[in-house]
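The values are calculated or read from the model by the stated rules, or taken from the named source; none is laboratory data. Predicted model only: the values in this text are computed from it and were never measured. FYI the Cβ positions are ideal-geometry reconstructions off the backbone, even for glycines, and counts take in every protein chain you see.
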Ligand SMILES: Cc1ncc(COP(=O)(O)O)c(C=O)c1O
């Protein structure tokens, strides 16, 4: 693999105690081109602007998908990535649905590991901080015609980050707009899923919420996801999350939390949760907790749910399941607890 190092690191210009999510990028990036039906050799180069044409296929037709994962600084100072092979597989699931070429595992993993070794100093050392990793693939032929691209580009960027949503959030149950439909691309991390979600989310923010809880496309009767996170609620002593479908992204945090909770012998169920059930649990006080699950925020507690002009307060106990789960995951990631599921991939 060709590696071109930056002549001068930018690390000293970044304030690691005050990081805004996704604003600072490490010194290098990994780039690999797919041309004439084959992946070319990958390359590491200084992070920077690239020369692309305005006829770039991805800008017009949206053949583009991304991933998000994190590298953590362990208590012993070593660096470890959380479940990178799961993100690799999911990127190829997105790629298949969007008719993009499958990325070989060695290109993904060797590119990632070489990049992390080179930019290891960019993995923050403070608690709740990490290096966010953004692998993505986009169609890079230069033509405007609504047919699949011939060329593709696979890139990995990294970005040091602090906590994503500080504090709890108030969310609105969305009963008009839809994130995903059956037979569509909701289960992928297609760029367009996010572009389509900005408008409804913006409307919810104007109404004083931070995010929306997406509901099913047909009747808006069942809850599906919370913004760009999977959702879990605690009713009584049961932890509930909607079952996966082609409208829901199979979150790696969701899967990890399910495994962790089952390992702890908690009552955790993947089943349909209707808006009616959620609202009556909020009314009668059996809704004990609600939280989003995702790479960026890990666990993001919900302290209020809005539905049809009513706002229901949701408890956010300091000793609740959300906090126990967050602590449990953090301890595995930082090497303070046993990694019994072999989730951590040392660099
Ligand atoms: C729509 C959506 N749902 C759920 C998730 C959570 O997935 P993961 O835990 O793999 O980050 C994400 C990504 O972070 C997402 O974009």
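Read through the list (1) crowded, with 18+ Cβ neighbours inside 10 Å; (2) over 21 Å from the mean Cα position of the chain (by Cα), then give the number of the only condition that residue 146 fails.
Going through (1) crowded, with 18+ Cβ neighbours inside 10 Å; (2) over 21 Å from the mean Cα position of the chain (by Cα) one by one, residue 146 breaks only (1).
Of the residues 63, 102, which is crowded, with 21+ Cβ neighbours inside 10 Å and either closer than 15 Å to residue 141 by Cβ or not assigned by TED's automatic domain parsing to the domain that holds residue 297 (or both)?
It is 63.
Is it true that some residue in the stretch 320-331 is buried (at least 19 other Cβ atoms within 10 Å of the Cβ), away from the ligand (no atom under 15 Å from the Cβ) and more than 30 Å from residue 123 (Cβ to Cβ)?
no
Do we have any residue at all in the stretch 210-223 that's under 18 Å from residue 97 (Cβ atoms) and modelled with pLDDT of 95 or more?
Yes - at least one qualifying residue is present in the stretch 210-223.
Determine whether residue 285 is loosely packed, with under 14 Cβ neighbours inside 10 Å and modelled with pLDDT of 95 or more.
yes
So residue 156 ticks every box in (1) in contact with a strand residue (DSSP E or B) (Cβ under 7 Å, 6 or more places away or on another chain); (2) in a helix (DSSP H, G or I) but one. Which box is left unticked?
Every listed condition holds for residue 156 apart from (2).
Could you figure out which of (1) under 21 Å from residue 133 (Cα atoms); (2) within 15 Å of the ligand (Cβ to nearest atom) isn't true of residue 342?
Unmet for residue 342, out of (1) under 21 Å from residue 133 (Cα atoms); (2) within 15 Å of the ligand (Cβ to nearest atom): (2).
Could you check the stretch 1-53 and list, in sequence order, the residues that are without any contact (Cβ under 8 Å) to a residue 24 or more places away in the chain and touching a strand residue (DSSP E or B) at 6+ places or on another chain (Cβ under 7 Å)?
40
Does the stretch 303-314 include one or more residues that are part of a helix (DSSP H, G or I), assigned by TED's automatic domain parsing to the domain that holds residue 238, modelled with pLDDT of 95 or more and more than 16 Å from the ligand (Cβ to nearest atom)?
No, that holds for no residue.
Quick one: is residue 176 in contact with a strand residue (DSSP E or B) (Cβ under 9 Å, 6 or more places away or on another chain) and under 25 Å from residue 233 (Cβ atoms)?
On the way: in contact with a strand residue (DSSP E or B) (Cβ under 9 Å, 6 or more places away or on another chain): no; under 25 Å from residue 233 (Cβ atoms): yes.
In short, no.
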